[in-house]
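Read-outs: derived from the displayed coordinates by stated rules, not from any lab. Nothing here was measured: the structure is a model prediction, and the numbers come from that model. No Cβ is skipped: glycine too gets one built from the backbone with ideal geometry, and neighbour counts run over all protein chains shown.
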Amino acid sequence: MSALLALSGVTAFYGAIQALRGIDLTVDQGEIVTLIGANGAGKSTLMMTICGNPRARSGKIVHDGQDITNWPTHQIMRRGLAQAPEGRRIFNRMSVHENLLMGAEVAGRSDIAGLLEQVFTLFPRLKERINQRGGTLSGGEQQMLAIGRALMSRPRLLLLDEPSLGLAPLVVRQIFGAIRELNRTTGLTVLLVEQNAYQALRLAHRGYVLVNGSITMAGTGAELLARPEIRAAYLEGGA
Amino acid sequence: MAYALQQLINGVTLGMIYGLIAVGYTMVYGIIGMINFAHGDVFMVGSFLSLIALLGLAALGITSVPLALALTLLFAAAIAALYGWTVERVAYRPLRGSFRLAPLISAIGMSITLQNFVQVSQGARVKPIDAVIPGGIQLMDRGGFAVQLSWMQIAIVVITLTILAIFTWLVTRTPLGRTMRACEQDLKMAALLGIDTDRTISLTFVIGAALAAVAGFMFLLYYGVIDFYIGFIAGIKAFTAAVLGGIGSLPGAVLGGLLIGLIEVFWSAYFSVEYKDVAAFSILVIALIFLPTGILGRAEVEKV
């Protein structure tokens with residue numbers, strides 16, 4: 001079986017600065033794959049490069065058998081990918097309901113009610129806040145909304161960029177629980193970027209370690225958790 | 001008292017025209033963060049298109065005034081929308097992602113191009129037309145001063161309010177409007193949700209240009225005289241209105257337009273007609289110094 005998402009030799013630049021140096025990475029159907037690394041390692045750039053903004057300077061990005069390397073962002077996102085990006089990027093001056101509807105733009109106009117119901121089952125808090133403006137939500141609620149909005153497009157591949165950032169441990173557990181639940185029940189494939197390495201590696205089937213724009217290690221979550229250099233760099237004092 | 005009432009009526013009428021143009025400035029600023037300096041000239045083009053349509057319809061022997069006006073409005077709005085689309089496509093889209101000043105310079109170039117195009121193709125002399133909707137009602141007559149409310153003024157206010165009501169519905173209640181608001185709030189995120197942001201930006205220019213054409217149509221009817229240069233002053237005043245109301249805010253643009261119209265008319269009535277433009281532009285300076293976010297504008301608050 002070929003991978004749902006495959007990157008080979010991908011490089012990307014921000015102006016003159018090279019952010020990604022030849023990334024090789026695959027995500028198979030039904031997997032949770034995590035990408036861990038320090039601040040500034042290029043994790044978010046990698047997520048955005050998959051979505052075509054910035055475009056890869058060289059290398060190849062293949063989604064579901066189709067080379068999407070040079071596609072414009074909105075066309076890539078119409079192929080069943082969705083991203084809950086860094087910083088959540090909620091539409092602050094729109095209600096929770098409108099934010100979710102924006103997520104359903106690519107799903108067409110059919111069965112919006114069913115999609116909403118699915119998101120509310122996962123995050124009941126959003127239902128309570130349905131008419132509240134996005135900007136007035138707490139950080140945790142905004143993260144739920146960002147994930148909920150991404151799910152509204154019925155994605156097969158969900159890209160999550162640091163969903164745990166700035167959230168209380170209880171909320172993090174709730175969100176990670178929701179990701180595991182989705183993966184188990186619907187077979188949703190997830191690529192998860194995290195600084196919270198311990199939690200992410202425990203959740204994921206496989207993981208990659210990104211250092212200065214290059215992948216330095218790869219393996220199953222358990223394997224990576226057992227590596228002493230991972231423990232030293234990402235887990236000691238943390239977790 | 002009667003004199004002031006008359007000025008109020010005149011000011012509101014003028015303010016409506018400024019408000020309609022200001023909406024175009026504020027929409028474009030909201031979505032791509034640039035001031036479209038060619039917008040005033042699209043208004044001028046709309047005014048000329050109205051003139052051409054009115055004369056054409058008269059030549060065709062269409063004598064029903066409401067029908068002629070409706071057809072003129074449609075024609076001017078449609079062709080001006082095409083101009084708006086073309087301006088964005090030719091002068092701004094190729095510069096997207098370039099440094100911030102580039103599209104601004106391009107906008108000034110586009111403004112000069114449109115002015116010269118109309119000057120060359122239509123001639124530089126002023127174009128007068130006869131009053132299309134003559135007459136009015138006399139509200140009161142006190143001390144030999146009659147307060148007039150012309151049919152023309154009523155038509156301008158009614159048409160503007162109708163167009164603004166449709167426009168407000170479009171932006172706040174329809175999926176299309178939601179998409180536009182999403183692009184205005186976060187263009188990058190909108191693209192991540194599968195929205196063709198270039199198309200939405202084009203649409204913003206098209207709608208803004210159509211509204212400017214409506215304003216141009218009413219300007220022609222109200223003043224009865226136009227030339228290729230009207231877009232410059234009216235454009236800068238509408239831009240002032242957008243800044244005063246809070247650039248990026250749609251209700252703010254209309255409110256700013258009304259205020260600028262009123263200020264200009266009252267200044268002319270009580271101080272000096274010669275310096276009415278100075279009054280309007282002083283407001284721009286004062287607003288920029290003391291109220292840079294405008295009356296209904298918002299200071300951006302970021303949540304971390």
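Pairwise inverse Cα distances across region A:89-155, averaged and inverted, put the Kirkwood hydrodynamic radius at 11.4 Å. For the protein assembly as shown, the Cα gyration tensor yields ellipsoid semi-axes of 55, 23, 21 Å (square root of five times each eigenvalue, largest first, whole Å). So if a site counts as exposed when it's one of the trypsin sites (Lys or Arg not before Pro), its DSSP state isn't H, G, I, E or B, and it has at most 11 other Cβ atoms within 10 Å, what's the longest stretch of chain B without one? That would be B:126-304.
Looking only at chain A, where both bridge partners belong to it, what percent of the DSSP beta bridges are antiparallel (to the nearest 5)? Antiparallel bridges make up about 50 percent of those DSSP assigns within chain A.
Within the protein assembly as shown, DSSP assigns beta bridges of which about 60% are antiparallel (rounded to the nearest 5). For region B:205-221 and region A:33-110, write down the distance between their C-alpha centroids in whole Å. That distance is 38 Å. Ranked by how many other Cβ atoms sit within 10 Å of their own Cβ, fewest first, the residues B:MET1, B:MET44 fall in the order B:MET1, B:MET44. The residues neighbouring B:VAL171, those whose beta-carbon lies less than 13 Å from its own, together hold a net charge of +2 under the Lys/Arg +1, Asp/Glu -1 convention. Taking only alpha carbon atoms, region B:52-140 gives an Rg to Rh ratio of 1.14, where Rh is the Kirkwood radius.
Per residue, the average separation of C-alpha pairs within less than 8 Å and at least 6 apart gives chain B a relative contact order of 36 percent.
When Lys and Arg each count +1 and Asp and Glu each count -1, what net charge do the other residues less than 11 Å away from A:VAL96, Cβ to Cβ, add up to? Counting the neighbours of A:VAL96, the net charge comes to +2. The smallest convex shape that holds all Cα atoms of region B:2-290, its convex hull, gives 142 Å³ per residue. Quick one: grab the alpha carbon gyration tensor of region B:104-219, order the square roots of its eigenvalues as a ≥ b ≥ c, and give me rounded if a/c is under 1.5, else prolate or oblate depending on whether a/b is larger than b/c. Oblate, since a/c reaches 1.5 and b/c is not below a/b. For chain B, the membrane-span-like helix rule (DSSP H, alpha carbon extent of at least 20 Å along the helix axis, mean Kyte-Doolittle at least 0.0) picks out B:2-32, B:39-59, B:65-87, B:101-122, B:151-173, B:197-223, B:230-245, B:250-270, B:276-290; this says nothing about an actual membrane. Protection proxy ranking, highest mean first, for peptides A:33-39, A:64-70, A:93-99: A:33-39, A:93-99, A:64-70, where packing is the per-residue count of other beta-carbon atoms within 10 Å, averaged. Mind listing which chymotrypsin sites (Phe, Trp or Tyr not before Pro) in region A:190-238 are in a DSSP loop and have 14 or fewer other Cβ atoms within 10 Å? Loop-located and lightly packed - none at all.
Close amide-amide hydrogen proximity is noted between B:GLY136 and B:TRP151, each under 5 Å apart and 5 or more residues distant or on a separate chain (H modeled in the peptide plane; Pro and chain starts excluded).
Treating r as the C-beta distance of B:VAL278 and B:LEU60 and R0 as 41 Å, the FRET efficiency rounds to 0.40. Residue by residue along A:87-95, Cβ atoms of other protein chains within 10 Å of the local Cβ number 5 on average. A cut-off under 12 angstrom between Cβ atoms defines the neighbours of A:THR45, and their net charge, with Lys, Arg +1 and Asp, Glu -1, is +2. Taking each residue of B:195-206 in turn, how many C-beta atoms of other protein chains fall within 10 Å of its C-beta, and what is the average? Average neighbour count from other chains, rounded to a whole number: 2. Distance between the C-alpha centres of region B:1-54 and region B:240-282: 11 Å, rounded to the whole angstrom. Sorting B:SER50, B:SER106, A:SER153, B:SER282 from the fewest to the most surrounding beta carbons within 10 angstrom yields B:SER282, B:SER106, A:SER153, B:SER50. How would you classify region B:199-249 from its alpha-carbon gyration tensor, with a ≥ b ≥ c the square roots of the eigenvalues: rounded for a/c under 1.5, else prolate if a/b is greater than b/c, otherwise oblate? Oblate. For B:LYS276, the lysines whose Cα comes closer than 28 Å to its Cα, not counting residues fewer than 8 places off in the same chain, are B:LYS127, B:LYS237. Taking a ≥ b ≥ c as the square roots of the eigenvalues of the alpha carbon gyration tensor, region B:214-293 is oblate, as a/c is not under 1.5 and a/b does not beat b/c.
Amide H contacts for A:ALA19 (H built 1.01 Å from N in the peptide plane; partners 5 or more residues away or on another chain; cut-off under 5 Å): A:ALA12, A:PHE13, A:TYR14. Counting only DSSP H runs of at least 4 residues, each contributing -39500 (n - 2.57), and dividing by the residue count of chain B, the helix-based mean residue ellipticity at 222 nm comes to -24500 deg cm²/dmol.
Here's the list of lysines a cross-link from B:LYS188 could span, going by alpha-carbon distance under 29 Å and ignoring same-chain residues fewer than 8 apart: A:LYS43, A:LYS60, A:LYS127, B:LYS303. Sorting B:129-139, B:209-219 by average packing, meaning the other beta carbons within 10 Å per residue, from highest down gives B:209-219, B:129-139.
For chain A, the Kirkwood estimate of the hydrodynamic radius, built from every pair of different alpha carbons, is 18.1 Å. When A:LEU81, B:LEU296, B:LEU54, A:LEU116 are sorted by how many other C-beta atoms sit within 10 angstrom of their C-beta, beginning with the fewest, the order is B:LEU296, A:LEU116, B:LEU54, A:LEU81.
Determine the distance separating the Cα centre of region A:195-239 from the Cα centre of region B:157-196; give it in Å without decimals. Region A:195-239 and region B:157-196 have Cα centres separated by 44 Å.
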